[in-house]
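Participant: Just passing along the structure, written as structure tokens.
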Amino acid sequence: MIEPGNLNGLKLKPGLCYKCYDGGIQSAALHDSVYAVKELMEGTAAEISGSYAEKPIGYSLIFEGYIKIPRDGKYHFTLESADGSMMYLEDKLLISNDEPHEKKGVKRTAVLKEGYYACRILYTSFRNKGYLKLFREGRGLAFGEMETEYLWHEVQKL
């Protein structure tokens, strides 16, 4: 079981932080080991989507922040993408939908407690037009796209 993080009084705001990089890489798993890609932009994302890139192909995205789990229970997450994507909760790989491929989804189930979970999603648009979506289901939540109300990021201290 993955445990929620201890936020120790962190202030959170809606949405996930994202960074967009020029150049798609062959595998989302390589994202942390590639330093030659140029950061194009960063900001706050209201949804998990490839729409934060300004071009249809040849880019990489990283989303970071917290996913709010409203109640204890079993949750199903489906990460759909074209090319490669990975999802981590509390630094544990939950979904690997990696390596170049046409659009497909990978579904994983986790038993989670109510709380906020550190989340990191890596995505690369390498050979195909960019496409990325995260769906959730469980404990009173019908299958659907992950809504903004469940996506949070830390308020940066000045």
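The values are calculated or read from the model by the stated rules, or taken from the named source; none is laboratory data. Everything numeric in this text was worked out from a predicted model, so none of it was measured. Cβ placement follows ideal geometry from the backbone for every residue including glycine, while neighbour counts extend to all protein chains displayed. Protein only, heavy atoms only, side chains kept; ligands, DNA and RNA dropped before computing areas. Shrake-Rupley method; radii C 1.70, N 1.55, O 1.52, S 1.80 Å.
Participant: Tell me which residues, restricted to region 1-22, are open to solvent by less than 50 Å² (accessible area, probe 1.4 Å), farther than 25 Å from Glu42 by Cβ and not hydrophobic (A, V, I, L, M, F, W, C).
Facilitator: If the condition is that a residue be open to solvent by less than 50 Å² (accessible area, probe 1.4 Å), farther than 25 Å from Glu42 by Cβ and not hydrophobic (A, V, I, L, M, F, W, C), then Pro4 is the only one that fits.
Participant: Scan region 94-114 residue by residue and report those that are open to solvent by less than 20 Å² (accessible area, probe 1.4 Å), modelled with pLDDT under 95 and more than 16 Å from the chain's Cα centre (by Cα).
Facilitator: none
Per-residue answers, yes or no, for (1) surrounded by 22 or more Cβ atoms within 10 Å (Cβ to Cβ); (2) of a type in the set (D, E, K, R):
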| position | (1), (2) |
| --- | --- |
| Ala46 | no, no |
| Pro56 | no, no |
| Leu61 | yes, no |
| Tyr66 | yes, no |
| Gly73 | no, no |
| Leu79 | yes, no |
| Asp83 | yes, yes |
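Participant: I would also like to ask the following. Scan region 108-138 for residues that are touching a His at 6+ places or on another chain (Cβ under 6 Å) and within 18 Å of Ile48 (Cα to Cα) and jot them down. Outline the logic, then answer.
Facilitator: The first filter runs over region 108-138 and keeps only residues touching a His at 6+ places or on another chain (Cβ under 6 Å), leaving 109, 122, 137-138.
Scanning region 108-138 gives Leu122, Glu137.
Participant: How many of the residues making up region 138-154 are open to solvent by less than 70 Å² (accessible area, probe 1.4 Å) and within 16 Å of Arg108 (Cβ to Cβ)?
Facilitator: Going through region 138-154 one residue at a time, the tally reaches 3.
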